[in-house]
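Quick note: the coordinates plus some simple rules give every number you see, no bench work behind them. All values reported here derive from a predicted model rather than from experimental measurement. Positions of Cβ are backbone-derived with ideal geometry, glycine not excepted, and every protein chain shown enters the neighbour counts.
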Amino acid sequence: MGGSVAIDHRDAGTLARVTLANPGKHNAIDIAMWRALRAIFERLQALPADEAPRVVVVSGAGGQFASGGDIVEFVDFRFDEARLHDFHENIVAPALGAMLACDIPLIAQIDGACIGGGLEIAACCDIRIAAEGSRFGAPIAKLGFPMAPGELKLLSGVAPAPMLREMLLEARLFDAARALQCGLVHAVVPAQDLAALVAERAAQIEMLSPQAARINKRTLRQIAAGGPSGPERRAHFAYADSAEHREGVQAFVQKRAPRFDRG
Amino acid sequence: MGGSVAIDHRDAGTLARVTLANPGKHNAIDIAMWRALRAIFERLQALPADEAPRVVVVSGAGGQFASGGDIVEFVDFRFDEARLHDFHENIVAPALGAMLACDIPLIAQIDGACIGGGLEIAACCDIRIAAEGSRFGAPIAKLGFPMAPGELKLLSGVAPAPMLREMLLEARLFDAARALQCGLVHAVVPAQDLAALVAERAAQIEMLSPQAARINKRTLRQIAAGGPSGPERRAHFAYADSAEHREGVQAFVQKRAPRFDRG
Amino acid sequence: MGGSVAIDHRDAGTLARVTLANPGKHNAIDIAMWRALRAIFERLQALPADEAPRVVVVSGAGGQFASGGDIVEFVDFRFDEARLHDFHENIVAPALGAMLACDIPLIAQIDGACIGGGLEIAACCDIRIAAEGSRFGAPIAKLGFPMAPGELKLLSGVAPAPMLREMLLEARLFDAARALQCGLVHAVVPAQDLAALVAERAAQIEMLSPQAARINKRTLRQIAAGGPSGPERRAHFAYADSAEHREGVQAFVQKRAPRFDRG
């Protein structure tokens, strides 16, 4: 049994879908799923540009996004300090890190529970589109434990600091409207419109310059790390003579739509 | 005469109340009050776990939270650089620092004026619940002086940067609705419902794991300081074999409410 | 032809206006305008206190704020790495840097397009007041290129990180209501009320202490740079014995309006 993470990326297309599934557990993320997530995003990042998708939609199966860790597994390892450290730093952190290191724009399609590890996965996405009934949080203070530092730092990049205190110290869940108001999600729609809105936004990204996305995501990582440094600022402009740059500017001057086709 | 800061923490209970009072001055914070605030929070932080409250509610007497420094005192010392430095760095900063260093969740119950030093005290709390008529700001540009660097840095952790510029450069007060919209406060209710909502949220925190709160607050401090460092990340997991951790996880597995009772 | 940046600062008055104009191009910012912007703000910053304005309103001519770079110029230099680097680091960055280094409060009066370079100019202002029809963004992924690191860092100081990802990775424009919700602008009014509201807020700033504004802006820069350092914190209190400080505090004690007149 246990959960799974599946990727659907047919014919080297420009759209890929990653689906979290752990039936009967609101897609709780078990250890095998964290490992699969890491492998999938490391593989996506390693694809050559002409085979890589231009946008990845991350969603959960069965009307849920994902609801934290798989707590039944927790009893096996959480009470041993070395094994607990290993879980957070060598299993969870590399999975989230692989998502953050991915240069492709990621859209989280969020329905139902987006909680704990599920919220962390959504936080690694660039765009979060939520259904009206979705809910957000990490009520682990009920389980007697705090959030791991790397995971809390991740969340502090997508949610305002006061909201995070409320989420953790009150073990509070937020509904979609409050998540939108706090800036944690980018849009909220009725559940029946969620897939269509995500598809529309993904299609928009597919038409844009993958190079621009890749470099923008890199710069945002540099800023989050306290940079960019002087050498990073200088290296940034290496795209000057690229085909996508020429096509984009020339299309604008010629008053036509740009075509960022594969080579 | 002058103001006072009182603490009500009976029978080593799980709830404590700290009350700011300076009658006739909207609870302006005078030097004695800054010193009392520091002493109270240093004492709270030093309590052994089985005597410490699990939540502290900070409020003001007489329908106000607190309204800045006590300006009548200002004439005595503000125009001398050494004494002005001493006031901000050796009187105000240690009081705010003692609040920030306190591992217990703090709830600000805000009615009326939450201004200047009062706003800074509220900013040291984890949760800010406001009455509809409350107002927020630091209109000290009318008094010809800027905000001290440590105090401005504190506010920049709870309010968006653009809001702070408006607050300081226009000497603008914000009403509760705007404070909510900006994320500065967590909830706004009619004044007559304020105490009840704070009590309800305090009661929720009292039932959660104090250990989780303590470690989460520590991690949030580490993040605000640019960390956590590698050693801090490693030290984080020392809670693995703790009673609260075991109780929380086991209660979940057993589908019962956890009991984070004192030893 | 080409664009221009004009400053209107008559009789060493307390209000100055800076106007961006590039007719027929929605005030796109060309190289000459970036240079003019730098010169204007360096000159403003160098004025002695009794000649300097106390507030500067930045706006665009003809119902637009400004709409990005002048793309016709782009074809000349963007495809050469050294010239592209020179444009962003030695032409754009110093102009934005001169605005950020200016100690005088800056209000952006925003109508119509506030896009690309225009958005960056608005981001250097302290206060952004927008008309209902205005729109915000930097849809350069359509042009095949990313945002320069210094410019993206600038925007990350005034807009939430998730909003910036949406803006860049989807090449999305935001309307004024969304910009307000995200905290990017401070107020939104019908276009016909824009000038009046800006004038009212400028007049409020003109009455406040320029010294307080100057030091507050300096401290906010120090915080944005990861400080303030210990020496910066100590140097902060040099205003203790100043005329504006004495006047502000004494006026309050005497229950009268302060007068921060020039010497």
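Quick one: of the DSSP bridges fully inside the stretch A:4-206, what percent are antiparallel, nearest 5?
25
Quickly rank C:51-60, A:13-22 as a protection proxy: mean count of other C-beta atoms within 10 Å, highest first.
Peptide ranking by packing, descending: C:51-60, A:13-22.
How big is the gap, in Å, between the Cα center of the stretch C:126-143 and the Cα center of the stretch B:233-263?
Here the answer is 49 Å between Cα centres.
Which distance in nm do the two modelled labels at residue B:132 and residue B:232 give, with both placed 7 Å along the Cα-to-Cβ direction?
Calculated label separation equals 4.2 nm.
If you stretched the chain out fully between residue B:193 and residue B:161, how much longer would it get, using 0.36 nm times the residue separation minus the C-alpha to C-alpha distance?
8.5 nm
Using only the alpha carbon atoms of the stretch A:104-156, find the Kirkwood hydrodynamic radius as the inverse mean reciprocal pair distance, in angstroms to one decimal.
11.7
Kirkwood-based Rg over Rh for the stretch C:44-145 (C-alpha set), two decimals?
Ratio of gyration radius to Kirkwood radius for the stretch C:44-145: 1.02.
Looking at the square roots a ≥ b ≥ c of the eigenvalues of the Cα gyration tensor of the stretch A:113-223, which shape do they give, rounded for a/c under 1.5, prolate if a/b is larger than b/c, or oblate?
Taking the square roots of the gyration eigenvalues as a ≥ b ≥ c, the stretch A:113-223 is oblate.
Run the label-point distances for residue A:11 please: 7 Å along Cα to Cβ, every other copy, nanometres, shortest first.
7.4, 7.4
Given C:229, C:242, C:210, which one lies farthest toward the positive end of the charge dipole of the stretch C:209-253, if we put +1 on the Cβ of every Lys and Arg and -1 on the Cβ of every Asp and Glu?
Value: C:229.
Name the residue, out of C:227, C:183, C:112, whose mean-square fluctuation peaks in a Gaussian network model built on chain C with Cα pairs under 10 Å.
C:227
Write down the radius of gyration of chain B and its Dmax, each obtained from C-alpha positions, in Å.
19.1, 65
Taking the Cα centre of chain B as the origin, how large is its charge dipole in debye, to the nearest 20, when only Lys and Arg (+1) and Asp and Glu (-1) carry charge on their Cβ atoms?
700
With both bridge residues required to lie in the stretch C:1-85, what share of the DSSP beta bridges run antiparallel, to the nearest 5%?
The antiparallel proportion sits near 40 percent.
Is the C-alpha gyration tensor of the protein assembly as shown telling us rounded, prolate or oblate? Criteria: a/c under 1.5 is rounded; beyond that, a/b larger than b/c is prolate, otherwise oblate.
oblate
Rg (Å, one decimal) plus Dmax (Å, integer) for the alpha carbons of the stretch C:172-263?
18.0, 53
Hey, for residue A:235 with labels 7 Å out along Cα-Cβ, what do the inter-copy distances come to in nm, ordered shortest first?
3.3, 3.3
Would you mind getting the Kirkwood hydrodynamic radius of the stretch C:1-94 from its Cα pairs, rounded to one decimal in Å?
Result for the stretch C:1-94, one decimal place: 14.3 Å.
Quick check: the distance between the Cα centres of the stretch C:164-195 and the stretch B:45-64, to the nearest angstrom?
The two parts, judged by their Cα centres, are 41 Å apart.
So the label point goes 7 Å from the Cα of residue B:32 along Cα→C-beta, right? Which residues of the stretch B:1-21 then have their backbone N under 15 Å from it?
Residues B:1-7, B:20-21 fall inside that zone.
Rounded to the nearest 5, what % of the DSSP beta bridges within the protein assembly as shown are antiparallel ones?
25
Filter the cross-link list A:255/C:25; A:25/B:255; A:153/B:217; B:25/C:255; A:217/C:217 down to pairs whose alpha-carbon distance in this structure exceeds 18 Å.
Too far apart for the 18 Å limit: A:217/C:217.
Output, in nm with one decimal and in ascending order, the distances from the residue B:196 label point to the matching label points of the other copies (7 Å from Cα along Cα-to-Cβ).
Ordered by increasing distance: 4.2, 4.2 nm.
Across the stretch B:209-253, what fraction of all alpha-carbon pairs, as a whole percent, falls in each successive 5 Å bin from zero upward?
Final binned percentages: 5, 21, 25, 22, 15, 9, 4, 0.
So what is the orientation-averaged projected area of the stretch A:44-88, using the convex hull of its C-alpha atoms, in nm²?
5.4
Given a Förster distance of 60 Å, report the FRET efficiency between residue A:47 and residue C:242 from their Cβ-Cβ distance, rounded to the nearest 0.05.
Efficiency, rounded to the nearest 0.05: 0.45.
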